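The values are calculated or read from the model by the stated rules, or taken from the named source; none is laboratory data. Every value quoted in this text rests on a predicted model; they were computed, and no experiment measured them. Backbone-built Cβ (ideal geometry, glycine too); neighbour counts: all protein chains shown. Protein only, heavy atoms only, side chains kept; ligands, DNA and RNA dropped before computing areas. Shrake-Rupley method; radii C 1.70, N 1.55, O 1.52, S 1.80 Å.
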Amino acid sequence: MTEPELKRTGELTLADTARHFFDEAAPKLKLSESMIELLSYPKRELIVNFPVMMDNNQVKRFVGYRVQHHPVLGPCKGGIRFHPQVTLEEVEGLALLMTWKTSLMNLPFSGAKGGVRCNPKEMSVGELERLTRRYAAEISPIIGPDLDIPAPDVYTGPREMGWIVDTISMHHDSQFMPGLVTGKPIVLGGSLGRDAATARGGYFTTLESLKHLELDINQTSAAIQGYGNAGWHMAHFLHDGGSKLVAVSDSKGGIYNANGLDPYKVFDYKKESGSVVGFPGSDKISNNELLELDCDILVPSALEDQITKDNADKVRAKLIVELANGPTSVEADEILNDRGVFIIPDFLANGGGVTVSYFEWVQDRYRYFWSAETVDERLNQFMTTAFQKVLNMHLKHKVSTRLAAYMTAVERVVEAVNARGFYA
Ligand code: GLU
């Protein structure tokens, strides 16, 4: 464990951006200095250095983290990412963001995040399994169904969650503990609808925004940056809902067709060829060009920092749905707001993932599982309620939708802190 010191760097990282908006929300909510101080720091941080046997029979050291922000609303909740750039500071910021996300979605959870600095693309399945199991064993003292519930994040998925459940169960005399992690394979107690939940939640908030903007989805066009899990599911939800999908992209570049693309055919093409680029009947465009296209709905669903002060004034969409975490820089957010672009901020737009994680945790506790229709219906209720709260805050206080989302989320956490009082 360390004494955390939040560092601020010259360039704003995702974590810095989260802190920036918390700092802006705090005076609007008239938070006391001590409340700001308390909520700016995580409650608990675990750093683990551990060995993994590699395929060449050499033991290699890896570093991993698990950060819990403040378990004030309930157990901590948040994903585990495997990435070469994972740092303690990044995990701290992401844990903070999870607190705002779970609060905004009205879940009985607080924020956490975990990560291991590694490059999964250069590791065999066997190495990844040994790394996951050892990391799970290392953080096992601070995770549990009522303590801290991990989930997938960047480069982790149901497979890794299955390994974690198995490892921890082995440490507890084979006691099966499905409520320990979410995002598991269905056969181990995963929830129906969890795989498409992030995009489906984003789609529900898109429908609410279109109502607010008085736009008919059938008269809209959409461009989606990123064709991974979130981007692809969003593409077919929008298409099936009546929007014309004019452009999509992946890490190799983008494709454009003013008459519309069929997302299902693009999906099959990418599966065969490895990229959307080259899809018959489309023109090749760059990822940057996609952001500046003439379209109504723009969905960044890939990387951080895509819309910056350099291109924000060239964005022509009326609505931006941030399925990615942190796609818009602080400066760009201001430019877009001044230009009247309506933004569904990341931790609202992509809050559907953790919401269905919550549903999974509830189902695991009852050992009684819901139909896909029930999951979608309840997700719709949660997303729509969160959206309306943010919209009301935005209109009432005349602040950006992002600041409105922070204010809504922080307010609930502060209420809970005050209701519990201080054991100081
Ligand atoms: N990693 C996802 C997120 O950042 C999901 C977290 C969860 O389901 O606990 O929202």
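What the table shows:
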{"read-out": "Semi-axis lengths, Å, the range 124-215, gyration tensor of Cα atoms, sqrt of 5 times eigenvalues", "value": "33, 14, 12"}
{"read-out": "DSSP-defined beta bridges in the range 78-226 - what % are antiparallel, rounded to 5", "value": "10"}
{"read-out": "Fraction of accessible area attributable to carbon and sulfur, the range 1-149 (%, probe 1.4 Å)", "value": "50"}
{"read-out": "Coil-residue trypsin sites (Lys or Arg not before Pro) of the range 353-409, DSSP, other Cβ within 10 Å capped at 14", "value": "R367, K398"}
{"read-out": "Gaussian network model of the chain, Cα within-10 Å springs - most flexible of A137, A151, A405", "value": "A137"}
{"read-out": "Cα-Cα P(r), the chain, percent of pairs per 10 Å interval", "value": "5, 22, 32, 27, 12, 2, 0"}
{"read-out": "Charge dipole (debye, nearest 20) of the range 11-64; +1 at Cβ of Lys and Arg, -1 at Cβ of Asp and Glu", "value": "240"}
{"read-out": "Over the chain: helical MRE at 222 nm, DSSP H runs n ≥ 4 each giving -39500 (n - 2.57), nearest 500", "value": "-14500 deg cm²/dmol"}
{"read-out": "Antiparallel bridge percentage (DSSP; both residues within the chain; nearest 5)", "value": "45"}
{"read-out": "Surface share of carbon and sulfur [accessible, 1.4 angstrom probe, percent] for the range 323-424", "value": "50"}
{"read-out": "Rounded, prolate or oblate (a/c below 1.5 giving rounded, otherwise prolate when a/b exceeds b/c) for the range 300-412 by Cα gyration tensor", "value": "prolate"}
{"read-out": "The chain: most fluctuating residue of W361, W370, W100 per GNM, C-alpha cutoff 10 Å", "value": "W370"}
{"read-out": "Heavy-atom accessible area ranking, 1.4 Å probe, most first, across Y203, Y155", "value": "Y155, Y203"}
{"read-out": "Accessible surface, per residue, of the range 274-369 when the full set of protein chains is kept, probe 1.4 Å, Å²", "value": "39"}
{"read-out": "Candidate lysines - alpha carbon under 19 Å from K265, same-chain residues fewer than 8 apart omitted", "value": "K244, K252, K284"}
{"read-out": "Per residue, in Å², the accessible surface of the range 122-229 once ligands and nucleic acids are set aside, probe 1.4 Å", "value": "40"}
{"read-out": "Carbon + sulfur, % of accessible area of the range 251-318 - ligands and nucleic acids excluded, 1.4 Å", "value": "46"}
{"read-out": "Filter on K101/K398; K184/K271; K314/K396; K121/K211; K101/K309; K211/K270 - keep pairs with C-alpha separation over 31 Å", "value": "K121/K211; K211/K270"}
{"read-out": "The chain: most fluctuating residue of A112, A199, A312 per GNM, C-alpha cutoff 10 Å", "value": "A312"}
